[in-house]
């Protein structure tokens, strides 16, 4: 979300560290699309964040705050400055109107189509599929 991968994989980033090879393989070989598609999604989210006057990280945290399907948010700040930035997402969340949430969904292109088929949601409602 910081944009450091927009022009490729920088040296000494997680994607170049041997122990994290599985992360790179998951992103590049998974259902996330090509590297270029991922970068385009980040750029679209960055534009939304700029329009709201926040950082992409704050937008991501604010989205979690507004999303009914997210029950817990864990902040991974390792510096006081990061924690302060992350806490700023509380103000951003108030700006996430249905239209902004829709723009985020459109940028990502991964919103579930049919929530009724979601196992977790169904099980929480007490609707267990027969095979479980």
**Ranked by how many other beta carbons lie within 10 Å on average, peptides 75-84, 44-53 from highest** = 44-53, 75-84
**Asked** How far apart, in nm, are two points set 7 Å out from the Cα along the Cα-to-Cβ line at residue 97 and at residue 43?
**Response** 2.7
**Message:** I need the calculated FRET efficiency for the pair residue 83 and residue 14, taking r as the beta carbon distance and R₀ as 22 Å, to the nearest 0.05.
**Reply:** 0.60
**Message:** So, R0 is 22 Å and r is the distance between the beta-carbons of residue 7 and residue 34; what FRET efficiency does that work out to, to 0.05?
**Reply:** 0.90
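Read-outs: derived from the displayed coordinates by stated rules, not from any lab. Since this is a predicted model, take the numbers as computed values, not measurements. Please note: Cβ atoms are built from the backbone with ideal geometry, for glycine as well, and neighbour counts cover all protein chains shown.
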